1. Mean separation of Cα pairs under 8 Å and 6+ residues apart, divided by the residue count of the stretch 239-390: what relative contact order is that in percent?
2. Scattering from the C-alpha atoms of the stretch 236-475 alone, worked out with Debye: what is log10 I(q)/I(0) at q = 0.11, 0.13 1/Å?
3. Which entries of Lys266/Lys628; Lys147/Lys187; Lys151/Lys187; Lys151/Lys266; Lys195/Lys266 show an alpha-carbon separation above 18 angstrom in the structure shown?
4. Evaluated at 20 °C with a viscosity of 1.002 mPa s, what Stokes-Einstein diffusion coefficient in µm²/s does the stretch 386-465 have when Rh comes from the Kirkwood expression over alpha-carbon pairs?
5. Using only the Cα atoms of the stretch 133-267, build the gyration tensor, take square roots of its eigenvalues as a ≥ b ≥ c, and label the shape rounded, prolate or oblate: rounded if a/c is under 1.5, else prolate if a/b is larger than b/c, else oblate.
6. Counting only C-alpha contacts under 8 Å and six or more residues apart, can you give the relative contact order of the stretch 529-675 as a whole percent?
7. What is the log10 of I(q)/I(0) for the stretch 163-230, computed with the Debye formula using one identical point scatterer on each Cα and no solvent, at q = 0.21, 0.22 Å⁻¹?
8. Give the peptides 39-51, 594-606 in descending order of average Cβ contacts within 10 Å, highest first.
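Quick note: the coordinates plus some simple rules give every number you see, no bench work behind them. This is a predicted model, so every value here is computed, not measured. Cβ sites come from the backbone with ideal geometry, for glycine too, and all protein chains shown count toward neighbours.
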Amino acid sequence: MSSLCHFPHAVTTRSKAPKASASSGCKGGPVTIRRLLVANRGEIARRVFRTAKEMGIFTVAVHSNGDAEAPFVTDADLGIALGGTTATESYLDAQKILAAAMSVGADAIHPGYGFLSENADFAQAVSDAGITWIGPPPAAIAAMGDKLAAKRTMVDADVPTLPSVEVTDSTDVVSVGNEIGFPLLVKASAGGGGKGMRVVDNDSALEDAISGAKREALSAFGNDTVFLERYLTTPRHIEIQVLGDRHGNVLHCFERECSIQRRHQKVIEEAPSPVLSEALRGRMGDAAVAAVQAIGYESAGTVEFLLDGTGDDAEFFFLEVNTRLQVEHPVTEEITGLDLVREQIRIANGEPLGYEQSDLSISGHSIEVRLYAEDPANDFLPATGRVDIWEPVVGPSVRYDSGIESGSEVSVEFDPMLAKVISHAPSRSEAALKLALALERTRLHGIVTNRDFLVATLRNEEFLAGNTTTDFISRVDIPGQRIPGDCELEDAAVAVALVSQQLHRNEAGPLSFMPSGFRNSSMPSQQMLLLHEDREIEVNYRALRDGSFEIRLGDAEELRSATLVSLDDDRFEIQLDEVRASGYASKFANRWCVDIPAGSLTFTEKSRFPEPDSADVEGGLTAPMPGKILAIEVAEGDSVDAGQLLVLMEAMKMEHQIVAAFDGSVTEVRVAVGDQVDNGQLLVVIASEDT
């Protein structure tokens, strides 16, 4: 790592720091963090920087090559290039991060979440370098990093756990599986985030599930140890936020419910849970405190439980301890008034918490949604591409923790989360409806997201009633995409046509003195063809002397009246018959991105001239997203049945199966193991038995 001597104001000259102990901060006495490096990216880096700056702390970002222009880098006082494009080459390279910290005189490192945040060896290396580690002691991280060892520790601490068995080469998995009972869960011992997990319904699927979980765990965490665990089919996922200082004070900050998940990954989180009684909340809080006291915990952490049943008699079982700040920490901040990043920094500085359990209380209700680049209508597959527009709404007032801006690129290299949006209100229903409206009014275009799914979920009666068990997504029919009505599409198309007409008018140059739409003879109306999905809308418009337009849609006999009242950049106000409304319309090439009170729309402006069309390969199976080919299960000439596995690919550390859509024979295999493929790339061609 080269020196940053060309930024003399940003480097502190200091003698070699004394070696810190293996814990948060230095046991030798209080410290004062002045220069903080965040070993992470995206929204969590920005979140930590925000609090650090409020505390008067100088901030340092590290970044991969692809993140050089990312918002989190520009938010920091300094940005250090780590090189590389993948996580392994950048944010998972402990030596590069340590070298970056030393080169700029950083006296503390905050790991965020993911990457190296729960790596005990990295935490120890930071402390050994004389740099304050903002997190729990390495020993506590190590104790909870192995889920099997963690469960044994919890048993000793009298914390309820589910029965589980580690899978080794000598394990009779079928016998063990039948002993635990089906359905069961195959689960990676290291890591989290839903990776390396498989639900298995019977013993015939067990071997394949174990193999797949081990591969995924090895790729994501570098450790392929898995275990079998009793699987609760319809539990709730309840987690308790804890805080501990190095003076022996430990308390909890109440619970969060994170039951709405896809692929074992959280999508919507809230605090408090809609089902916990005061008595059950107290018991779970006590169990969480006992769990972290058993490992000498310091800093912020989360104890996760599965809740089975309702009321005071419900059972809860230890799931894991997350020895870091959670993605969903903002909902706890909203109901308690705490800044958990500030608390982490205070604890790392050696300060006592300064308050007791009885000083904390719950105020109102908070809900967070994770806004992902993914397609809920296509099994939530991650999406990549460019964010053309990102404009958070001014009102209703909600909190945005985002890692993007207009123009940001979302690549296959990292998690596809774009932002977290968080509401707080006096009641749960108000928090849900407020958040839904804010999401609907947020301007977000250019990439497929789960926004429509989130809005529909927040307004769904089952959600509003609090029926949010972990099977919510499979149990409740939530549309993955908003389907606009005909009237909405037609009104938006009229607005686009008039905005387009005005933009052309603004570019008229020498002819700008002439009235809009001027003709010196009788001519047909001007026309614009717009496509939305498979719907084509023909807008015919003729300028009138009073500045309004006569509108006819397609071959309809009805004539409508429209006036473009104003156009300020891409914000328009339009009078359409008796209704006045405002919105936004932005053009990218031949795409129009429109935002109106009912939601967001995208139109494609159809050319007046025919465009060449590329025919699809009959029987071709394509990659649903960019990724890497892990295995090919067929060869040319093989006969295949509908549903048979053809290709196994990996994208964003998750495995995806490409299966035959019908019975037939393989005529072409276009890829090889190890190939990197793009979204839509042809993988295998099958000839139907009927051809």
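1. On the way: 249 pairs, mean separation 39.8, N = 152.
Contact order relative to length: 26 percent.
2. Cα-only, vacuum Debye calculation for the stretch 236-475: -0.58, -0.81.
3. Lys266/Lys628; Lys151/Lys266
4. Details: Rh = 13.4 Å.
Rounded, D is 160 µm²/s.
5. Working: a/c = 1.82, a/b = 1.64, b/c = 1.11.
Judged from the Cα gyration tensor, the stretch 133-267 comes out prolate (a/c at least 1.5, a/b above b/c).
6. Relative CO of the stretch 529-675 lands at 13 percent.
7. -0.75, -0.82
8. 39-51, 594-606
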